[in-house]
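Let me begin by handing over the structure; questions about it come next.
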Amino acid sequence: MAESLLVSFASLAMQTPAPAPDKTLVQYISEGGEIGYLIIGLSFTAVVFIIAAFVRLRRSQLAPEDEVTALDRMLRAGNVDQATKYCASPDHDSFLTRVMGAALLRCSRSPFGLLELRTSLEEAGQQEVSRLHRSTDAIGLIASVSPMLGLLGTVVGMVGAFDTLSVSEVAKPTQLAGSISVALITTVLGLIVAIPCTAVHAYLRNRVDSLVGEVGDLIEELAAHVEQGASPGGGQAKPAQQRPASKAPPRPQPAAGAPGASGG
């Protein structure tokens, strides 16, 4: 076995190597096999998610200027019910209206009224921030899966190469080239997709935090208008219905002969 391998390598060394033909990008990708095509498909999916995230994560999308102006006017005038209906309208759906609408609706249903405004805003804001973070999870998932698919292609390629060696005592390089090509190409493709996706995912997470901070300042200003227009007893919250005063029942007269009874 060892002598035959030495003879093969010696004959290959004596031959003059021919220049490697130039390959196109498509040819390199095709050498990655089915796993390589799967990684390329994930790359196009990642591009779609990245474009959608950049369109969604903008100040004009999270807090449109017309909605900020309308809510500011309503809350300055003390029209809390009108502002709640404005936020609940599907035509005004945004991060700002979802947070303000949920907080104002909770206050209108709570017996404490607008005293729960700050707590309601904080809870609604946390839910919306989590929602924005989840919108970028697909990019992070692709960044994690792509190198693992590349590693899978590497393992598959090496298994094919060793299968070729086990079948033939003297394996020619051309017989091993296909399997080794799959092993190397899929690894490269996986890293090419994973590295930019990881960077973009981290950038988008930071962008979410930055934009949420800016919109949070606007919400603080709107909440201040509500609190300034609220009375100390609960402000614009619906007052509890007063029970009608009922006549006190007549006091029972002590029986004759009992202590405290008037003498006759």
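Taken together, the values in this text are just the output of simple stated rules run on the coordinates, not laboratory data. Since the structure is predicted, the reported quantities are computational estimates derived from the model, not experimental observations. Counting neighbours? That spans all protein chains shown, and the Cβs are built from the backbone with ideal geometry, glycine included.
Going by average Cβ neighbours within 10 Å, how do the peptides 109-115, 96-102, 192-198 rank, with the highest at the top?
Details: 109-115: 15.9, 96-102: 23.4, 192-198: 19.4.
So the order, starting with the most tightly packed, is 96-102, 192-198, 109-115.
Let me ask something else. If R0 is 22 Å, what FRET efficiency do you get for Glu227 and Gln127 from their C-beta distance, rounded to 0.05? Let's see the in-between values first.
On the way: r = 22 Å, r/R0 = 1.00.
So, using R0 = 22 Å, E works out to roughly 0.50.
If the chain between Ile195 and Arg73 were fully stretched, how many nm would it gain, using 0.36 nm times the residue separation less the Cα-Cα distance? Write down the numbers at each step before the final one.
Values: separation 122, 0.36 × 122 = 43.92 nm, distance 4.68 nm.
Extra length available between Ile195 and Arg73 comes to 39.2 nm.
To continue, here is another question. Using the 10 angstrom Cβ neighbour count as an exposure proxy, how do Tyr86, Tyr37 rank, fewest first? The partial results should precede the final answer.
Details: Tyr86 19, Tyr37 13.
In order of increasing Cβ crowding within 10 Å: Tyr37, Tyr86.
Can you give the FRET efficiency for Ile40 and Ser144, using 1/(1 + (r/R0)^6), R0 = 30 Å, r = Cβ-Cβ distance, to the nearest 0.05?
Values: r = 17 Å, r/R0 = 0.57.
The pair Ile40/Ser144 has a calculated efficiency of 0.95.
How big is the charge dipole of the stretch 76-146 about its Cα centre, in debye rounded to the nearest 20, if each Lys and Arg gets +1 on its Cβ and each Asp and Glu gets -1 on its Cβ? It would help to have the intermediate numbers written out before the result.
Working: 8 positive and 8 negative charges, 24 e Å.
Result for the stretch 76-146 is approximately 120 debye, rounded to the nearest 20.
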